[in-house]
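Notes follow once the structure below has been shown.
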Amino acid sequence: MAQPSTIVAQATPPGAGGIAVVRLSGPGAYSVAARVFFPQDPAKKVENARGYTALFGHFQARGCTLDEGVALFFRAPRSYTGEDVVELSCHGGQVIAQTLIEACIAAGAAPAGPGEYTKRAFLNGRISLTQAEAVMDVISAAGRQGAALAEHALGGALAKQIGGYRQTLLALAGHLAAWVDFPEEDVPALEPAALQKALGEVLAGVSALVESYGAGAVLRQGVDTAIVGSPNVGKSTLLNLLAGFDRAIVTPVAGTTRDVVEQAVMLGGVRLNLFDTAGLRETGDLVEAEGIRRSREKLAQAGLVLAVFDGSSPALPADRELARACAGRRAVALINKNDLPQRFDEAVLQGGFSAVVRMAAGRGGGLAQLEAAVARVLGVAELDLAAPCLVSQRQLAAAVEARAALADALEALAGGFGLDAVSVCVDDALAALCRLSGEDAAASVVEEVFSKFCVGK
Ligand code: GDP
């Protein structure tokens, strides 16, 4: 059998991240590694590195230093593949990892095929076939797994911000714990004003993260949008305007839009998952009745309501009813057909809508105003796209908990409950933030106490 080649591939998922791991496997893994990785300590030689050891050094590509990082060594047969393996950990981001892979290829490695490491592990008797299949399953679970990885990879800015808050709270928690638990150590008491300021700053930051979650989620996932209104006001025309082509049949006869028509459109960078509705009115027509039932259902679930009114006709009782139904919802009133003489009394809309836009959907007029109104109503107009944001419900839950604990801490402080009460709340907030970023709170508080105050002497 031919000597197996030495293969190279990125072992960590592509995208932004703290660290990327480039893995070499095969008989030439050490010699390839020696041509791209240079240990900090010149006395150490890559070729002589024993299995299960690590060396710190720098990576070189085309004669230039690329990055610094760590090489981990595994000697055959005690590695994942059963072959010699070297794992090169460089800083995350595609450019460095890709350049490093190219350098490995230039040094004699071949790019690994899909699943090749696992295949080698199987061929070398390191894992059974069912284990190999299980590994493949995990790797190819693109949906949820992929989403989770993306969450992880894109979380850099958020991790940094949360890390800063954690640092602040950790210092406070350490100080408070030392003060409360070791009174004989003469730990200076924290100034309440300073404590209040520090807690207030973290609370403001965490609150901002919580508040931007909804708008961030809207941007990532789009928002289910119901187009509602009486027959013939121009709902289908609006849908077609937004969609840019004739998706729904537009006719001047009332009641032709029988069903919920779904269409995703982009409006000012926001994805609206639109459903046009059969006119919301009672009817003896069974097919249309079913359409209306489905419309009502969809309306109840919609994250945004575009309520359309005919500006060229006097307001109908149904319009008043619709305005009432929209109260408290994220809803925009569209007074359509403003190219015709206006007879619609805007007063009926009172209290139902966060924004009113006059437009002529039939002529494409007023689209920019609609776009601005939608952005305002959804809260995405104020969203800073470069700012860190929470991207999962798990993160949101942890942030909400941290916010509550911080508010409790400030309340305990203001109410003069004593620093031990404050300390408990700060610990809770810290625990929630640590959960948000996946770190163990208790251990880090302990470390902080003993490193800063030497109470354990
Ligand atoms: P729907 O029943 O609410 O879906 O209403 P349609 O979209 O089918 O429109 C009903 C009628 O109003 C059609 O004849 C459209 O051409 C007309 N229409 C829609 N928008 C406008 C507009 O902005 N100006 C004018 N003058 N007519 C419009």
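The values are calculated or read from the model by the stated rules, or taken from the named source; none is laboratory data. Since the model is a prediction, treat every value here as computed from it, not as a measurement. Cβ: placed from backbone, ideal geometry, glycine included. Neighbour counts: every protein chain shown. Surface accessibility is based on the protein's heavy atoms, side chains included, excluding ligands, DNA and RNA. Shrake-Rupley method; radii C 1.70, N 1.55, O 1.52, S 1.80 Å.
Sequence-distant or interchain residues sharing an amide H contact under 5 Å with Leu66, placed H: which?
Phe59, Gln60, Ala61
List the residues, sorted by chain then number, that are 5 or more residues from Gly51 or on another chain and whose placed amide H is less than 5 Å from its amide H.
Residues meeting the criterion, in which the H sits 1.01 Å from N, are Arg75.
Search the structure for amide H atoms under 5 Å from the amide H of Gly366, placed 1.01 Å from N in the peptide plane, and list their residues when 5 or more places away or on another chain.
HN-HN under 5 Å from Gly366: Ala360.
To the nearest 10 Å², what's Lys197's accessible area with a 1.4 Å probe?
130 Å²
What dipole magnitude, in Debye to the nearest 20, does the range 7-112 give about its Cα centre under +1 on Lys/Arg Cβ and -1 on Asp/Glu Cβ? If you can, show how the numbers build up before the last one.
Numbers: 8 positive and 8 negative charges, 39 e Å.
It works out to roughly 180 debye.
List, in order, the whole-Hz ³J(HN,Hα) value for each residue of the range 48-64 obtained from phi through the Karplus relation with A = 6.51, B = -1.76, C = 1.60 and θ = phi - 60°; use x for Gly and Pro.
8, 4, 7, x, 6, 10, 10, 10, 9, x, 10, 9, 10, 9, 6, x, 10
Find how many whole Å separate the alpha carbon centroid of the range 359-373 from the alpha carbon centroid of the range 46-103.
57 Å
³J(HN,Hα) across the range 315-326 via Karplus (A = 6.51, B = -1.76, C = 1.60, θ = phi - 60°), whole Hz, x for Gly/Pro?
5, 9, x, 5, 5, 4, 4, 4, 4, 5, 5, 8
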